[in-house]
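The values are calculated or read from the model by the stated rules, or taken from the named source; none is laboratory data. For clarity, every value in this text was computed on a predicted model and none was experimentally measured. With ideal geometry, Cβ positions are generated from the backbone for all residues, glycine too; neighbour counts draw on all protein chains shown. With ligands, DNA and RNA removed, areas are computed over all heavy atoms of the protein, side chains included. Shrake-Rupley method; radii C 1.70, N 1.55, O 1.52, S 1.80 Å.
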Amino acid sequence: MSKTGKIIISIILLIIIGLGAAGNYFYSYAVVPAKKEFLAASPSKKSTQLIAAEKWFDANHSNWQLTSKDGLELSAYYLPAKTNQHKIAIIAHGYMGQAADMSQYAKIYHDLGYNVLLPDARGHGKSEGNYIGFGWPERKDYLQWIKYVNKKEPRTEIILHGVSMGAATIMMTSGEKLPDNVKAFVEDCGYSSVNDELSYQLKQLFNLPAFPLIPVTSLITKIRAGYFWGEADTIKQLRKNNRPMLFIHGDKDDFVPFSMLDKVYHATKGPKEKYVVHGAKHAEALSSDPTLYQKKITEFIQKYIP
C-alpha cells in the first residue's frame, strides 16, 4: 500500500474513533439516567395549589408494580377516587422527572371523580432501567399498564395525560392497537420525534448540526438500548390515532419548541383541540394558570368522556 493510502486509512480510522467517542458521550449525556445540568431547576417557591396537591398525594397513594416485557420491574402510584365511577387517568411524567412530581395533575382528575395511576417511567423514580427511551419503549410499558388496569377493573374508561417526554409517550401509545375503553389523550408540550428534539437540543446546547452525530448516537443507542431514535416518531404514531386528543403548549417554550405543536396537532386523525398558553415556557402551562388549565381539561373530558 502506498504512503498516501496509509494516510487516508489512518485519517478515516481517526474520524471513526472520534465519532464513536462523541456518540458515546452524547449517549451518556442524553440517554443514561442521571442528573442533567442542562435541565431547569425546580422553582424554590411552590404554589399553594402544588403544596395542597403534594399533601393529598402523600396521604392517599398506594403502590402498584408490574414487570415489563423486557424484564424490568416498573413502579406506579395509585390514588383511588372517593366514589368509583369506573374512570381512570393514567399520567406520564417528563424527562428525568418522576411520578411523584405529577401530584397537581393527578389532583385535577381526582377532583373530577377519577381514579389516578402515576407510573414511574423506566429508568426514573422507583422503576428499573439504565436508559431513557424518550417514549418509544415506554409506549409498550403503557400498554401493559392499560392491560393491568383492565384486569383489575374491566369496565373502566381510561384517559392518558402526559407532559413533555410523557406527552410524547402517550402520543406514541396512541398509535398502537388499544382496547376500546381507552377514550382520549391529553398531551402537554410533547415533541414531534426524538430525532427532531435531540437535533434541536444539539444545536441549542452545543451549536452543532444534527449530522453526523445524531445518526451515530442513534446507532449506539440501538446497540446499547435496543432502539433507533428514528423509530421514535411521534407524528407517525399520531397518524394511526383516531381517538380524541387535547394538545397543550406554551408559546415561549424553548426546550420543546412551540413550532412542534402544529406538527403533532395536524398529524392525528382523531377529534382534536388545541390550548396555547401565552407566555408559558416548557411544562409551565399548569403553573401559569392552574384555574384555566383545569377548566380546559374539564371541558375536554366532559365533551368526550361524559
**Message:** Can you tell me which residue is nearest to GLY166 (Cα to Cα) among those in the range 81-101 that are part of a loop (DSSP other than H, G, I, E, B) and among the hydrophobic types (A, V, I, L, M, F, W, C)?
**Reply:** MET96
**Prompt:** Limited to the range 137-178, what total is found for residues that are under 23 Å from PRO257 (Cα atoms) and surrounded by fewer than 24 Cβ atoms within 10 Å (Cβ to Cβ)?
**Reply:** 2
**Asked** Any residue at all in the range 102-112 that is in a helix (DSSP H, G or I), of a type in the set (D, E, K, R) and either out of contact with any Gly (no Cβ under 9 Å at 6 or more places or on another chain) or closer than 22 Å to GLU284 by Cβ (or both)?
**Response** yes
**Request:** Scan the range 127-160 residue by residue and report those that are over 15 Å from ASP180 (Cα atoms), of a type in the set (Lys, Arg) and in contact (Cβ under 8 Å) with a residue 60 or more places away in the chain.
**Result:** ARG139, LYS140
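For the range 212-306, which helices (runs of 4 or more DSSP H) that fit wholly inside it have 3 or more residues that are closer than 30 Å to LEU50 by Cβ?
Ranges flagged: 260-267, 285-288, 290-304.
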**Request:** Could you pull out the residue among LYS295, LYS281 that is touching a residue at least 24 places away in the same chain (Cβ under 8 Å) and open to solvent by 10 Å² or more (accessible area, probe 1.4 Å)?
**Result:** LYS281
**Item:** the range 116-156, residues that are modelled with pLDDT of 95 or more, among the basic types (Lys, Arg) and part of a helix (DSSP H, G or I)
**Value:** ARG139, LYS140, LYS147, LYS151
**Item:** Number of the condition not met by THR83 [criteria: (1) surrounded by fewer than 17 Cβ atoms within 10 Å (Cβ to Cβ); (2) among the hydroxyl-bearing types (Ser, Thr, Tyr); (3) in contact (Cβ under 8 Å) with a residue 24 or more places away in the chain; (4) touching a strand residue (DSSP E or B) at 6+ places or on another chain (Cβ under 8 Å)]
**Value:** (4)
**Asked** Of LYS222, LYS269, LYS274, which residue is without any contact (Cβ under 8 Å) to a residue 60 or more places away in the chain, over 26 Å from GLN302 (Cβ atoms) and of a type in the set (D, E, K, R)?
**Response** LYS222
**Asked** Scanning the range 56-73 for residues that are among the small types (Gly, Ala, Ser) and not in a strand (DSSP E or B), which turns out most open to solvent (accessible area, probe 1.4 Å)?
**Response** ALA59
